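Here's the structure we're looking at; comments come further down.
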Amino acid sequence: MNGSYDKTAAVVVLPPIRGGRLTDKSLRAWLAQSDLSQTDAPQELLATILAEVGLPYPEQGLAALRMWGQTGDRPTVWIAAADPVYLEPRLDHLCLHALNRSGIPASDLRPLFDHLQDTLAEDRRYGFARLGSYGYLRAREPISTSSVPAYVVDQREPGEFLPTGEHMVMHRNILSEIAMSLHEHEVNLRRMAEGKQPVNSLWLWGGGVAPEKTTRPQPPLFADDPLLAGYWESATAVGELWPGNFAACADASLHGFVAVTPENDFRTATLEAYLTELHQMLRSNRVSRLILLFRDGVRADVRRSDTLKFWRRDSELLD
């Protein structure tokens, strides 16, 4: 772990803030005094967090880490994430829709993955599995896969995120077989009749094998994200589910923490409640520094001494 990391700091992932979501003037003024920055480049959550705390990013096996986080057991085979997507044909390109983000139910995914297993896994080159709302592909030989999850590509043209390398042809072939198998499946026909997007492909990413378990000092994690949980589990580090508030995270840690709030709550009231609690914790010396990572690419580095910047009352990044 990076020796310069502030062990009384908190790294916190929060809902999006841009687009005028933050209306409380006192909170806006507080954040305006911090070091604010933004990026419009697609962000993978694990990579973003590890960069903040100075931890190594895995060279492969992200899907295996995610399964590890879901099951508590280290996978022992080559595996890739195979997450449900809708590839929408547009005039001159495709647009990817990450269906996990829209909350596709397990009752829809279960028959689709069962069908893929029945139709494509006969020779045992491949195997398909579903855990909750996540899908996986087991392969006898490695396949080139994307390095980023589907939510990074959501609402974008997927071409620039597709893999390259010696096994790229295998990737293209298996995607073609998956698309043919899913075409006109009864689940997709029903979803289209209900005005929902069909699952017409899978996004294959993070392929590889899980790392060997090691011991590495890391700040405690509080998150429901299985990939983060798997990474922390692989390092024999403390990882717990999101407890619902930041005070519980601080109570459970003497050396800072990483907290990831639930992904799908975009309400202004939720965002402002989170920020109010964090502001109070900083003022009461529960933490010495806050690194706030908003899910739309805004970053705020907040310290108690920022109150001396009293002339900053607002920021265009919060508009």
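Being touching a helix residue (DSSP H, G or I) at 6+ places or on another chain (Cβ under 7 Å) and among the polar types (S, T, N, Q) narrows it down to one residue among Thr76, Thr48, Thr119; which is it? Among Thr76, Thr48, Thr119, only Thr119 is touching a helix residue (DSSP H, G or I) at 6+ places or on another chain (Cβ under 7 Å) and among the polar types (S, T, N, Q). When the range 244-278 is filtered for residues that are part of a loop (DSSP other than H, G, I, E, B), farther than 25 Å from Gly54 by Cβ and of a type outside the set (Gly, Ala, Ser), the ones remaining, listed by number, are Asn245, Pro262, Asn264, Asp265, Phe266, Arg267.
Taking the range 115-137 as the range and being surrounded by fewer than 21 Cβ atoms within 10 Å (Cβ to Cβ), at pLDDT 90 or above and more than 26 Å from Asp224 (Cα to Cα) as the test, the residues that pass are His115, Gln117, Asp118, Thr119, Leu120, Gly127. Please determine whether any residue of the range 43-51 is small (Gly, Ala, Ser), outside any helix (DSSP H, G or I) and surrounded by fewer than 18 Cβ atoms within 10 Å (Cβ to Cβ). No, because not a single residue in the range 43-51 is small (Gly, Ala, Ser), outside any helix (DSSP H, G or I) and surrounded by fewer than 18 Cβ atoms within 10 Å (Cβ to Cβ).
Would you point out the residue of the range 213-261, among those that are in contact (Cβ under 8 Å) with a residue 24 or more places away in the chain and open to solvent by 50 Å² or more (accessible area, probe 1.4 Å), that is farthest from Pro15 (Cα to Cα)? Top of the filtered list is Lys213. Apart from one condition, Ala51 fits all of (1) in contact (Cβ under 8 Å) with a residue 12 or more places away in the chain; (2) under 20 Å from Val260 (Cα atoms); the exception is (1). Scan the range 279-303 for residues that are open to solvent by less than 20 Å² (accessible area, probe 1.4 Å), within 22 Å of Leu46 (Cα to Cα) and either touching a Phe, Trp or Tyr at 6+ places or on another chain (Cβ under 7 Å) or in a strand (DSSP E or B) (or both) and the total you get is 9. Within the range 111-152, being hydrophobic (A, V, I, L, M, F, W, C), within 24 Å of Pro58 (Cα to Cα) and in contact with an Asp or Glu (Cβ under 9 Å, 6 or more places away or on another chain) holds for Phe128, Val148, Ala150, Val152.
Rundown of residues vs (1) over 14 Å from Gln197 (Cβ atoms); (2) open to solvent by less than 10 Å² (accessible area, probe 1.4 Å); (3) touching a strand residue (DSSP E or B) at 6+ places or on another chain (Cβ under 9 Å), yes/no style:
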residue: Trp78; (1), (2), (3): yes, no, yes
residue: Ala82; (1), (2), (3): yes, yes, yes
residue: Leu87; (1), (2), (3): no, no, yes
residue: His93; (1), (2), (3): yes, no, no
residue: His97; (1), (2), (3): no, no, yes
residue: Pro111; (1), (2), (3): yes, no, no
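Being in a loop (DSSP other than H, G, I, E, B), in contact (Cβ under 8 Å) with a residue 60 or more places away in the chain, crowded, with 20+ Cβ neighbours inside 10 Å and of a type outside the set (D, E, K, R) is a property that does not hold for Leu65.
The values are calculated or read from the model by the stated rules, or taken from the named source; none is laboratory data. Just so we're clear, the structure is a prediction, and the values are computed from it rather than from any experiment. Neighbour counts are summed over all protein chains in view; Cβ atoms, including those assigned to glycine, are modelled from backbone coordinates with ideal geometry. Ligands, DNA and RNA are stripped out before the accessible areas are found, and what is left, the full protein with its side chains, is counted by its heavy atoms. Shrake-Rupley method; radii C 1.70, N 1.55, O 1.52, S 1.80 Å.
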